[in-house]
């Protein structure tokens, strides 16, 4: 009888030294050395203070893990017994009863090894010796040469291990080691392997479901397989029995439109998941083995075609014939210690994306291929997955042993991930072509002949990205392959804004443009962009570890928890350009958070405007860098390590609602006399637009109001408008109400705040946005008493009603003690528009409020 026996109990670990080996009991499994040493209190927490640097010895040491597995003769009666190692980090040699059965050199691989001959009834010792990946990498680098890279130690380019372990510009150097994914003993006569369920949906939404599988083990004459397709309800939709011949089975089913329920991304439909069961039996009908796969039925296409009104090509995702604007986030590993990420923690992270109105996550190429549960939850929630292969920011070598290693890794992970309906694209790497451009490596975009031997060039990894990866993805999956992120194609380099996807880092990095320039920095699909912001003050206090003397922004400890090059200069550039700010820790947290919220919301707002309908998909996606952190730090994340959303999380969520309204104001200077620089007029133009991500038109009322912050001037106008489906709609263009035409630069413009709201016929607000004159540092704000901020707790004690007598900007709420789960943050308010905020966990506490110009700067 086939068995699956988890090998998860009785594990011990030890550092291997020439003189002494001291074994200690593992407190968890799967596990890693850092996790065990932390739980045993043998090392300080590397997430606190400067302790990251006190544990570097772990990654440069050799380690061992062992356990005893007691087996009966009955458990070993089957002719085959395999040990399945779902993840060993990274260079491991496995011994069973002293006999070496496996050597590994890839953290990302699942290894299956036959161990029948090595096992015996009774007690069996499983011993795994791990060599230092860091030292192995340095040795390989000595032999094969030093290559160029951004982030981390250059030896990482030779090692198939999570690249962020070597340190990144948001994460520490923590070289993990150990059995980081489950180990299972499987016994069987015949085993179903390489199960593939391919559901191809044609444009007319008819579907062909093809199920194939291989049979390993003893060939059983007359063996049959029963293939069953079950609906989400559990009802059998289709079943077929076949004879299994030649160690392989195949079934093809065709379905008319409507026979199967289609899977949609969140916001466009439901996420029904079907199950395909395969039951293998011998000629007498006795069960031999079983396998199943959960699948979604959907059609996905990456559409690259000419636009009607602009040069270049589109780059958008079409699901079941519906063009999708993808608003979402980049994902890095959610911890440095991956075994600490529980399934519930994955769910909490991904549920936050849903709450933030995001529909795509990009799994970045310097981390890991996430575990099955990650993709299962994305399938369930309707979150589209952009999956990088694990290459990032490097001039990767491509010598034969590495090529062989990478091929196995690619085949393993493509097979594991291909059935997920959420998975819509594989990308070859993160920014490797961009690095090649920066260092002027051998890169001729015009040469697509495939005849060149890239391994003989100074950009050898093109062998992976242009030959090996497309072949493996094409052969083993139905998923679209994209050479890199970013990658333009069509002979263009990665900075091209008219083709492919774009990493737009000219805000923060690069030319350090004002964030107000996002509209001219747009790309067809912006797969990275970002702005830093401090995390919740509680997270700051965690990394300080109680050291009050270090509780200021420029402290050594705070700096160690921001890994970005030049972050002091970059943060201050954007703060000084836009805000009058203070330097105490609470103020610095506040102002960087407001800056991040303003910056990122502006990007989504302006780029979503570019989604203008069929033939005008000028910008089809915006994926912020990044949703999460791998440790407590200051970074570009919009939610910190402890799942505490920053204000930017909420400002982005507002811009990704089904209906939104946006505005810009632009000053235009017109010279009266072409020979004079002294005679001119300055007009201030207001533009208003709305967005509708639903598939039906929306008839609403547009209400535009203007307020002078320093006088009693107000203005109001309204009109009935229709928001076109699945696109943006231009709604208004004209002068800013109440702003006089200026004829001198000494004429200071009035501080006019403009509010736009979209209302249902019954007056319900479905979208709002307040446009303020910038930079904010020039504004003379009303006094606190003139503002008249009123925060009232109503109803259930967790609902706040917030109102003002004068407009306010950047309202952030907090409480003393444990944090509250807020429904919204970083609010702008105007008179007459009461906003409601849910505060789960308020528990009768008073609410603290901070906003621009409240007198605390």
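The values are calculated or read from the model by the stated rules, or taken from the named source; none is laboratory data. A quick note: this is a predicted structure, and the numbers were derived from the prediction, not measured. As a convention, Cβ positions derive from the backbone with ideal geometry for all residues, glycine included, and neighbour counts pool all protein chains shown.
Values as computed for the structure displayed
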quantity	calculated
Tally of residues being crowded, with 22+ Cβ neighbours inside 10 Å and on the phi > 0 side of the Ramachandran plot across the range 793-832	2
Qualifying strands (runs of 3 or more DSSP E) (wholly inside the range 98-200; at least 1 residues being closer than 30 Å to residue 45 by Cβ)	99-105, 122-131, 183-188
Boolean, residue 202 is exposed (fewer than 15 other Cβ atoms within 10 Å of the Cβ) and over 22 Å from residue 285 (Cβ atoms)	yes
Subset of the range 175-192 (residues that are surrounded by fewer than 23 Cβ atoms within 10 Å (Cβ to Cβ) and out of contact with any strand residue (DSSP E or B) (no Cβ under 6 Å at 6 or more places or on another chain))	181, 182
Residue tally, condition crowded, with 19+ Cβ neighbours inside 10 Å and in a helix (DSSP H, G or I), over the range 556-590	8
Scope the range 833-855; condition exposed (fewer than 13 other Cβ atoms within 10 Å of the Cβ) and either without any contact (Cβ under 8 Å) to a residue 24 or more places away in the chain or more than 29 Å from residue 706 (Cα to Cα) (or both); matching residues	840, 843, 844, 846
Residue satisfying condition, being more than 24 Å from the chain's Cα centre (by Cα), surrounded by fewer than 16 Cβ atoms within 10 Å (Cβ to Cβ), without any contact (Cβ under 8 Å) to a residue 60 or more places away in the chain and in a loop (DSSP other than H, G, I, E, B), within set 546, 510	546
Long-range neighbours under 9 Å by Cβ, at least six apart or interchain, first residue assigned to a loop (DSSP other than H, G, I, E, B) within the range 753-771, second at pLDDT 95 or above and surrounded by fewer than 20 Cβ atoms within 10 Å (Cβ to Cβ)	760/701; 760/766; 761/699; 761/701; 763/701
Only one of 344, 387 that is over 30 Å from residue 145 (Cα atoms) and in the same structural domain as residue 427 (by TED's automatic domain parsing)	344
Every residue from the range 449-462 that is touching a helix residue (DSSP H, G or I) at 6+ places or on another chain (Cβ under 8 Å), outside any loop (DSSP other than H, G, I, E, B) and either crowded, with 21+ Cβ neighbours inside 10 Å or without any contact (Cβ under 8 Å) to a residue 40 or more places away in the chain (or both)	462
Near pairs, Cβ below 7 angstrom, 6+ apart or cross-chain, from the range 494-507 (without any contact (Cβ under 8 Å) to a residue 24 or more places away in the chain) to any residue that is in a loop (DSSP other than H, G, I, E, B)	506/513
All positions within the range 79-92 that are assigned to a loop (DSSP other than H, G, I, E, B) and crowded, with 20+ Cβ neighbours inside 10 Å	87, 88, 90
Filter result (free of Cβ contacts under 8 Å to residues at least 40 places away in the same chain and surrounded by 12 or more Cβ atoms within 10 Å (Cβ to Cβ)) within the range 772-786	778, 786
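Here is a yes/no grid of residues against (1) closer than 30 Å to residue 695 by Cα; (2) at pLDDT below 95; (3) in the same structural domain as residue 481 (by TED's automatic domain parsing):
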residue	(1), (2), (3)
224	no, yes, no
236	no, no, no
252	no, no, no
268	yes, no, no
272	yes, no, no
275	yes, no, no
285	no, yes, no
302	yes, no, no
306	yes, no, no
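Table: residues versus (1) touching a helix residue (DSSP H, G or I) at 6+ places or on another chain (Cβ under 6 Å); (2) at pLDDT 95 or above.
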| site | (1), (2) |
| --- | --- |
| 20 | no, no |
| 27 | yes, yes |
| 38 | no, yes |
| 47 | no, yes |
| 54 | no, yes |
| 58 | yes, yes |
| 65 | no, yes |
| 89 | no, yes |
